[in-house]
Amino acid sequence: MKAYFDNAATTKVMPEVCSVMMSVMTEDYGNPSSKHTKGMDAEQYIEDARNIIANTLKCESKNIIFTSGGTEANNQALIGAAYAARRSGKHIVTTAYEHASVAEPLIFLENEGYEITYVPVTPDGHVEPAVIAEAVREDTTIVSVMLVNNEIGAINDIEAISKVIKEVNPSVLLHVDAIQAYGKLPINPKKFGADMLTASAHKLHGPKGAGFLYKADHVKLLPYIYGGGQEKGMRSGTENVPAIAGFGVAAAVMYKNMQENDLHMRHIKQIIIDGILTVEGSYINANPEKSADIGAPHIISISFEGVKSEVLLHALASEGIYVSSGSACSSNHPGLSGTLKAIGVSSKLIDSTIRISLCRDNTEEEALYLIEKIKKHVPVLRKFRSY
């Protein structure tokens with residue numbers, strides 16, 4: 001039996017997406033910048049996807065800029081906005097547990113002379129609006145806060161955060177990394193008070209290679225990819241039409257079935273939580289109530305005392321079960337998880353933590369198989385631990 005529980009890293013592309021991508025690649029393969037019929041047909045796929053995504057966000061299509069993925073979207077938002085506003089100030093506020101695609105661009109900006117303030121998070125993984133508001137100053141130009149944490153699934157109250165930071169400094173721009181939230185939670189940037197918001201197709205059964213940046217009308221960005229002026233001059237380069245078309249289809253399907261998917265994933269999540277907590281020395285992180293209703297529907301962070309996460313990961317893989325030891329991107333930046341450190345998990349338990357992440361396709365049978373194999377391997381691995 002196989003059981004894939006690493007959906008926060010990437011998801012299986014849905015059949016509907018494969019179908020439209022194949023049509024684009026084999027039939028409607030024109031360059032969307034070409035003025036002939038083939039080009040216009042390709043351009044229509046992009047605009048259809050833009051309209052679909054705008055509808056899911058309750059915004060206008062002109063506010064959507066397509067990118068190569070979430071990482072590029074975050075880089076474009078942060079670096080582009082920082083450079084555009086540098087005469088107003090060079091101070092940026094963020095949290096202690098952002099994804100590498102936010103943290104690394106901010107390190108780049110810090111090396112360019114910007115000042116970055118990192119605010120702490122609570123033990124259950126939330127950013128307190130009052131705490132982040134205290135960090136905002138007159139020269140603050142950007143605040144960046146993720147909607148759903150990619151390792152523990154904690155959901156931040158973006159609307160409350162926006163309200164308090166703009167009371168301190170009305171001109172500050174709020175950037176929201178919604179990569180783990182889009183397709184799983186209702187998202188309305190205007191209601192949130194988000195000026196920029198990012199997402200990635202491959203987190204919601206779309207293809208790798210497509211993402212978007214939502215940019216409110218008043219936001220000024222300096223592009224950092226120059227060329228033919230595609231995406232209204234904000235992101236030059238021939239668009240990845242098959243991936244963008246697939247992104248639109250995936251977004252439409254996921255938002256149409258969002259409530260059903262949410263209930264299903266939370267049901268599977270509770271089965272896994274209840275089953276794993278019967279294992280001695282196991283801890284659910286950032287979820288003191290041990291409830292599937294807490295946080296995002298698809299992410300569970302679990303620590304097993306006395307078991308190295310990498311060893312357990314490989315043991316489960318030998319049984320056809322695929323989980324992760326944290327963010328997939330963190331494998332390129334070895335070290336203890338910044339998220340788990342930020343919420344106060346001990347270093348010994350950080351190194352003993354796995355992330356189980358679900359999708360709409362996971363079944364009760366797979367959940368029970370996962371529990372069975374964890375119960376099989378954890379006691380054995382504890383016997384052979386070496387500290």
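The values are calculated or read from the model by the stated rules, or taken from the named source; none is laboratory data. Just so you know, these numbers come straight off a predicted model, no measurement behind them. Note that each Cβ is placed from the backbone with ideal geometry, even for glycine, and that neighbours are counted across all protein chains shown. Side chains included, ligands, DNA and RNA excluded: accessible areas come from the protein's heavy atoms. Shrake-Rupley method; radii C 1.70, N 1.55, O 1.52, S 1.80 Å.
Helices that extend 15 Å or more along their long axis by alpha-carbon positions and average at least -1.0 on the Kyte-Doolittle scale are, among the DSSP H runs of the chain, 15-26, 37-57, 70-84, 100-111, 158-168, 241-256, 258-276, 364-383. Stretched out straight at 0.36 nm per residue, the stretch from GLU260 to SER23 would grow longer than its current Cα-Cα span by 82.4 nm.
The residues of the chain have, on average, 42 Å² of accessible surface per residue, using a 1.4 Å probe with all protein chains present.
Seen from GLU60, the other residues with C-beta closer than 12 Å to its C-beta sum to a net charge of +4, counting Lys and Arg as +1 and Asp and Glu as -1.
The trypsin sites (Lys or Arg not before Pro) found in region 246-302 that occupy coil by DSSP, while having at most 14 further C-beta atoms within 10 Å, are LYS290. Annotation for region 288-319 versus region 114-182: alpha-carbon center distance of 26 Å.
For MET25, the accessible surface of its heavy atoms amounts to roughly 110 Å² (probe 1.4 Å, protein chains only, rounded to the nearest 10). Other residues within the sphere of radius under 10 Å centred on the Cβ of HIS99, judged by their own Cβ, net out at -4 (K and R +1, D and E -1). Label zone (GLU112, point 7 Å along Cα-to-C-beta; backbone nitrogen cut-off 15 Å) within region 209-228: 220-226.
Against the criterion of solvent-accessible heavy-atom surface with a 1.4 angstrom probe, TYR226, TYR182 sort, most first, into TYR226, TYR182.
Of the accessible area of region 76-170, computed with a 1.4 Å probe over protein heavy atoms only, carbon and sulfur atoms account for 51 percent. Placing one identical point scatterer on every Cα of the chain and ignoring solvent, what is log10 I(q)/I(0) from the Debye formula at q = 0.11, 0.13 Å⁻¹? Taken in order of the listed q values, log10 I(q)/I(0) reads -0.79, -1.07.
With all protein chains in place and a 1.4 Å probe, the accessible surface of region 221-283 carries 57 percent carbon and sulfur.
Note on LYS376: lysines with a C-alpha under 28 Å away, same-chain residues under 8 apart excluded, are LYS2, LYS12, LYS269, LYS290, LYS308, LYS348. Straight-distance candidates among the aspartates and glutamates for linking to LYS256, with alpha-carbon spacing under 17 Å and chain neighbours fewer than 8 residues away dropped: GLU16, ASP48, ASP361. Taking only the C-alpha atoms of region 116-221, the Rg (one decimal) and the largest Cα-Cα distance, Dmax (whole number), read 13.8, 42 Å. Straight-line reach from LYS35: taking Cα to Cα under 19 Å and skipping same-chain neighbours fewer than 8 places apart, the lysines in range are LYS232.
Ligands, DNA and RNA excluded, the heavy atoms of GLU16 present near 80 Å² of accessible surface to a 1.4 Å solvent probe.
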